[in-house]
1. Return the pairs, sorted by first residue and then second, in which the second residue is hydrophobic (A, V, I, L, M, F, W, C), the first residue lies in the range 96-109 and is closer than 14 Å to TRP70 by Cβ, the beta carbons are less than 6 Å apart, and the residues are 6+ apart or on different chains.
2. Would you confirm, using the coordinates I've provided, whether THR48 is free of Cβ contacts under 8 Å to residues at least 40 places away in the same chain and open to solvent by less than 60 Å² (accessible area, probe 1.4 Å)?
3. What's the number of the condition GLY22 fails, among (1) of a type outside the set (A, V, I, L, M); (2) open to solvent by 100 Å² or more (accessible area, probe 1.4 Å); (3) modelled with pLDDT under 90; (4) not in a strand (DSSP E or B)?
4. For residues that are open to solvent by 100 Å² or more (accessible area, probe 1.4 Å) and either assigned to a helix (DSSP H, G or I) or at pLDDT 95 or above (or both), tally how many sit in the range 94-119.
5. Name the single residue that is farthest from ALA46 (Cα to Cα) among those in the range 73-93 being open to solvent by 90 Å² or more (accessible area, probe 1.4 Å) and not charged (D, E, K, R).
Amino acid sequence: MTRERKTQGKQTRKRTNTTDAGNTRRWRSVRHQIDALDVATFDAIANTKSPLLDATMPRLTRAADRSSLWIVIAGLMTLTGRPRARRGAARGLVSIAVTSLIANQVSKRLHRRPRPSIT
């Protein structure tokens with residue numbers, strides 16, 4: 001519903017009692033578009049034959065499991081002994097922890113979706 005009022009000789013509209021239905025539909029549409037893009041990207045990459053990617057990506061993926069790749073990099077940064085590198089490593093690890101918590105415990109529970117098939 002809208003209510004009109006006059007302000008200094010100008011007629012303006014003030015929104016009152018707006019519903020979230022429009023916003024909900026808009027965000028649902030955005031989520032569907034992102035999901036479609038995600039599936040299309042996955043399919044395009046999965047169906048592309050690339051010996052270089054086929055050889056390197058499985059190892060890189062395993063190295064990045066549970067953020068172990070970033071933990072190792074943070075450890076190496078800490079070993080340099082430089083305060084700036086140590087702060088950067090600490091900030092990076094805190095960022096990983098917070099992001100992991102939000103992504104795995106909050107977002108995945110709110111936005112459930114089926115996993116894409118690898119076969």
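The values are calculated or read from the model by the stated rules, or taken from the named source; none is laboratory data. Source: prediction; values computed, not measured. All Cβ positions, even for glycine, are placed from backbone atoms using ideal geometry, and neighbour counts span all protein chains on display. To get the accessible areas, we keep the full protein, side chains included, count just its heavy atoms, and leave off ligands, DNA and RNA. Shrake-Rupley method; radii C 1.70, N 1.55, O 1.52, S 1.80 Å.
1. Between residues of the range 96-109 that are closer than 14 Å to TRP70 by Cβ and residues that are hydrophobic (A, V, I, L, M, F, W, C), the close pairs are ILE96/TRP70.
2. Here the answer is no, as THR48 does not meet what is asked.
3. So the condition that GLY22 fails would be (2).
4. So the count comes out to 4.
5. The selected residue is LEU79.
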